[in-house]
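Here the structure is laid out as structure tokens; the discussion comes afterwards.
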Amino acid sequence: VQVGLVLHVRNTLTAAASDGARAGSPIGADPSDAVRRTRALIRTALADRYADDVTVSTHSTSGGTVLVVRVRTEVPALGLLGPGVPIDVRGRSLQVEEP
């Protein structure tokens, strides 16, 4: 059951980071849009504490600029009192650039 919980949290965080990256990628959007969207999705699906460490960075590639949303947290591995399992996930999206 605990492994299922950890996997559920990881998958939910990955989906939220990916959706957040897409929210920060259109023309006129900025990194704060990505953070805001990611945190809103995490708080809705899981709990506030999982949305504490959300960061955004950009990386240039030959195809353009990639927006990367990173979420880091810990999930209790053995019930509510056990040691935590660190989770570090990223979502990426190619930023839309004006022609």
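The values are calculated or read from the model by the stated rules, or taken from the named source; none is laboratory data. These numbers come from a predicted model, not from an experiment. Quick reminder, even Gly has a Cβ in these numbers, built from the backbone with ideal geometry, and neighbours come from all protein chains shown. With ligands, DNA and RNA removed, areas are computed over all heavy atoms of the protein, side chains included. Shrake-Rupley method; radii C 1.70, N 1.55, O 1.52, S 1.80 Å.
Need a quick list: strands (runs of 3 or more DSSP E) entirely within the chain having at least 2 residues that are in contact (Cβ under 8 Å) with a residue 24 or more places away in the chain and either small (Gly, Ala, Ser) or open to solvent by 90 Å² or more (accessible area, probe 1.4 Å) (or both). I'd like the intermediate steps shown before the answer.
Numbers: elements: 53-61, 64-76, 84-94.
Output list reads 84-94.
One line per residue, one yes/no per condition, for (1) in contact with a Phe, Trp or Tyr (Cβ under 8 Å, 6 or more places away or on another chain); (2) modelled with pLDDT of 90 or more:
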position: Thr38; (1), (2): no, yes
position: Asp48; (1), (2): no, yes
position: Ser60; (1), (2): no, yes
position: Gly64; (1), (2): no, yes
position: Val71; (1), (2): yes, yes
position: Ala77; (1), (2): no, no
position: Gly82; (1), (2): no, no
position: Arg92; (1), (2): no, yes
